[in-house]
Amino acid sequence: MAAQLYGVLQLFSQAIVVFGPDDRVVFANDRYHEMFPRSPAPGAILGWSFEDLLRQSIAAGQVPQADGDPEAYIARRMAQRGIAREGMIGDRWYRAVEERIPGGGIVLSYHDITDRRVAEEELRRKSAILSAAMEAVPGGFMVMDERFNFVVWSRNWPAIGGATDEIVRAYPNMPDLARWQSRRGDYDAIRLEANQFDTETIASIPWLGRLLALQAARPPQLIPTDEERELLVQWQLLRYRPEGRPDGERAEGSGTIHIGGDDGRIVEFRRSRMPGLGWVSIYNDVTERYRREEETARAHAETARALQELRDTQESLVQAEKLASLGELVAGVAHELNTPVGISYTAATFLSDRLREFRVELERTPRRATMMEFLDLVGETADLMTVNAGRAARLVQSFKNIAVDQTNDERRLLSLKSYLEEIAISLSPQWKRPGHTLTIDCPTGLVLDTYPGALSQVLTNLIVNATLHGYAPGQAGRLTITASPLPLAAGGGTGRPAAEHVEILFADDGKGIAPEALPRIFDPFFTTRRGAGSTGLGLNIVFNLVTRTLGGRIEVDSTPGRGTRFFLRLPKVAPQPPASPAQPSPAS
């Protein structure tokens with residue numbers, strides 16, 4: 001019987017040594033001698049005690065654990081008979097198991113567990129990598145099995161749902177944690193309406209009708225009952241069905257959820273199903289991002305509102321500037337009309353007085369010489385009245401044309417030379433009173449199809465600007481307006497037809513513009529005479545009218561002490577609708 005048993009043990013892949021009741025070797029299979037080649041040879045090992053065999057293995061260097069204190073190790077091992085342990089023999093891992101047998105004796109077996117230990121180490125390594133990866137997820141990470149039990153989660157995940165690691169361990173599955181969240185009030189804001197579902201859907205979910213009835217009977221200001229909250233948990237869990245919830249929401253996918261509580265946090269999630277394994281969910285707390293976006297949106301709205309208010313204010317100031325310009329024109333014309341009208345009135349009064357005297361003299365002693373003298377006087381007075389009345393009429397007509405043009409935006413054909421002359425006449429009080437001269441050089445027959453109001457406003461602002469800013473008080477200057485047609489301009493490779501243009505040069509011989517101010521003269525509200533009542537919109541209006549309404553370009557060239565020149569390049573046919581704004585630039 002013993003021989004048969006030993007024959008079976010010889011076939012084992014484990015190393016096996018059998019000790020008898022006296023703790024001496026009675027059998028050792030070949031695998032043992034392969035594992036411990038320095039042990040006593042087969043046959044010679046029989047009769048060795050466990051302690052002697054241990055000492056021989058230590059002396060042969062086969063027990064590295066005993067290198068520090070062999071005697072202590074031997075004593076410890078002798079006291080540990082009958083237990084299992086793991087250790088390395090050479091470069092392999094083994095599990096040593098000592099089993100006591102009936103009647104005395106011990107069977108010692110060595111199992112090679114190197115592959116298992118390598119696999120366990122690889123598993124620990126991968127687990128460490130997984131753990132580090134989970135912790136690296138910005139937000140939270142959670143894995144849940146098919147039964148909704150939480151398998152693994154990152155340190156941050158519980159906090160995203162307003163929980164703690166202890167709470168998750170106390171409620172270790174989705175239904176239990178959802179009930180905890182429901183009791184906290186996370187689902188209280190969910191309101192379902194019966195018209196969201198058809199009768200077939202309500203009938204297919206036994207408790208859905210009850211939930212709808214409870215919510216219909218509860219006023220919004222009251223909190224749900226425990227029954228309603230439990231049914232809301234079931235409603236939340238329906239999304240995990242393969243077909244999802246009746247409202248179309250499915251567990252698998254991504255979205256945004258609002259977490260209840262005092263802080264009202266917002267969480268983005270992405271949930272993926274692993275068939276046969278469960279669910280992987282990634283969460284990210286985006287409350288601060290949403291709040292920043294809301295603050296940014298509010299700031300943008302406030303900025304847009306402020307910008308619109310600024311534009312409205314600027315438009316009001318522009319209109320006020322136009323009206324102020326027209327008011328100055330009215331005042332100047334009124335002043336200019338005072339002389340011819342006054343002379344005409346004086347002449348008419350004088351003629352009326354002489355007529356009464358002539359009637360009296362004619363009744364007393366009518367004489368031919370008296371009559372001829374009176375007729376000469378009438379002729380001279382009539383000529384004087386005609387000249388001054390004509391002067392007033394021309395001034396009024398010019399003012400009427402310019403004023404009408406400046407108060408409407410209609411386009412029409414105009415003769416440029418005559419129109420420039422009308423502008424000069426209407427503005428004559430502005431440049432004549434300080435002693436300036438205004439010369440116009442424009443060929444006859446130059447016709448524009450444009451917006452007269454915009455053109456007159458441009459030249460009015462340039463003339464007024466020159467008289468106000470270009471000269472020192474009491475200094476007389478020379479203003480010139482020179483207009484000339486330009487050579488036909490090609491379409492510039494854009495496919496557009498060639499366009500005819502005209503250049504209008506307005507120049508003065510005043511003090512010029514400082515170099516540091518030159519790049520900014522077309523900016524709105526820029527002025528060097530803020531304290532003198534200037535708004536800084538005159539040249540900005542000029543720039544906008546030239547580039548937008550008239551469809552042209554404007555450049556400026558100025559040298560301190562040598563005057564300023566404005567170059568207006570305008571198409572003979574203004575665009576329709578007005579062109580988009582361009583950027584001003586000084587002439588090189």
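Brief remarks on what is shown
- One equal scatterer on each Cα of segment 138-290, no solvent, Debye formula: the resulting log10 I(q)/I(0) at q = 0.09, 0.12, 0.20 Å⁻¹ is -0.30, -0.54, -1.42.
- Shown is the FRET efficiency for residue 468 and residue 567, computed with R0 = 22 Å from the Cβ-Cβ distance and rounded to the nearest 0.05: 0.60.
- Net length gained if the chain between residue 57 and residue 227 were fully extended (0.36 nm per residue, minus Cα distance): 53.9 nm
- Here the Debye sum runs over all C-alpha atoms of segment 407-478 as equal scatterers in vacuum, and log10 of I(q)/I(0) at q = 0.24, 0.27 Å⁻¹ comes out as -1.09, -1.25.
- Distance (nanometres) between label positions extended 7 Å along Cα→Cβ at residue 213 and residue 85: 7.1
- The Cβ shell under 13 Å around residue 96 holds other residues with a net charge of +1, Lys and Arg each +1, Asp and Glu each -1.
- Note, ³J(HN,Hα) from phi for segment 471-482, Karplus 6.51, -1.76, 1.60, rounded to Hz, x at Gly and Pro: 9, 6, x, x, 8, 8, x, 10, 10, 9, 10, 10
- Positive-end residue of 107, 556, 437, charge dipole of the chain with Cβ unit charges: 437
- For residue 432, the aspartates and glutamates whose Cα comes closer than 17 Å to its Cα, not counting residues fewer than 8 places off in the same chain, are 328, 336, 421, 422, 508, 509.
- Set of aspartates and glutamates near residue 572 by C-alpha distance (under 16 Å), chain-local residues within fewer than 8 positions excluded: 410, 449, 500, 503
- Summarising the overall dimensions of the chain from its C-alpha atoms, the Rg and Dmax are 53.9, 190 angstrom.
- Simple rule: put +1 on each Lys or Arg Cβ and -1 on each Asp or Glu Cβ in the chain, find the dipole, and look at 393, 225, 528; the Cα lying farthest toward the positive end is 393.
- Net charge of Cβ neighbours under 15 Å - reference residue 567; Lys, Arg +1; Asp, Glu -1: -2
- Around residue 174: net Lys/Arg minus Asp/Glu count, Cβ-Cβ under 12 Å: +1
- Per residue, segment 85-160 exposes an accessible area of 58 Å² to a 1.4 Å probe, with every protein chain left in place.
- Given charges at Cβ of Lys, Arg, Asp, Glu: the chain dipole, positive-most of 17, 290, 540: 540
- For segment 295-309, backbone phi angles converted through the Karplus equation (6.51, -1.76, 1.60; θ = phi - 60°) give residue-by-residue couplings of 4, 5, 4, 5, 5, 4, 5, 5, 5, 4, 5, 5, 5, 5, 4 Hz, Gly and Pro being listed as x.
- What the Cβ-Cβ distance of residue 33 and residue 122 gives, at R0 = 30 Å and to the nearest 0.05, is a FRET efficiency of 0.45.
- Counted over all Cα-Cα pairs of segment 1-102, pairs farther apart than 25 Å make up 15 percent.
- Couplings 3J(HN,Hα) for segment 161-170, derived from phi with the Karplus relation 6.51 cos²θ - 1.76 cosθ + 1.60 (θ = phi - 60°), are x, x, 10, 10, 4, 5, 5, 4, 5, 6 Hz, where x marks Gly and Pro.
- Computed on the Cα atoms alone, the convex hull of segment 61-161 gives a volume of 207 cubic angstrom per residue.
- The solvent-accessible area of residue 501, taken with every protein chain present and a 1.4 Å probe, is close to 30 Å².
- Note on segment 1-118: with charges restricted to the Cβ of Lys and Arg (+1) and Asp and Glu (-1), its dipole about the Cα centre is near 180 debye.
- Mean-position separation - Cα centroids, segment 1-34 and segment 43-75, in angstrom: 18
- Length gained when the stretch residue 247-residue 132 is fully extended (0.36 nm per residue, less Cα-Cα span): 37.7 nm
The values are calculated or read from the model by the stated rules, or taken from the named source; none is laboratory data. What you see is a predicted model; the values in this text were computed from it and never measured. For neighbour counting, all protein chains shown are included, and Cβ atoms are generated from backbone atoms with ideal geometry for every residue, glycine included. Protein only, heavy atoms only, side chains kept; ligands, DNA and RNA dropped before computing areas. Shrake-Rupley method; radii C 1.70, N 1.55, O 1.52, S 1.80 Å.
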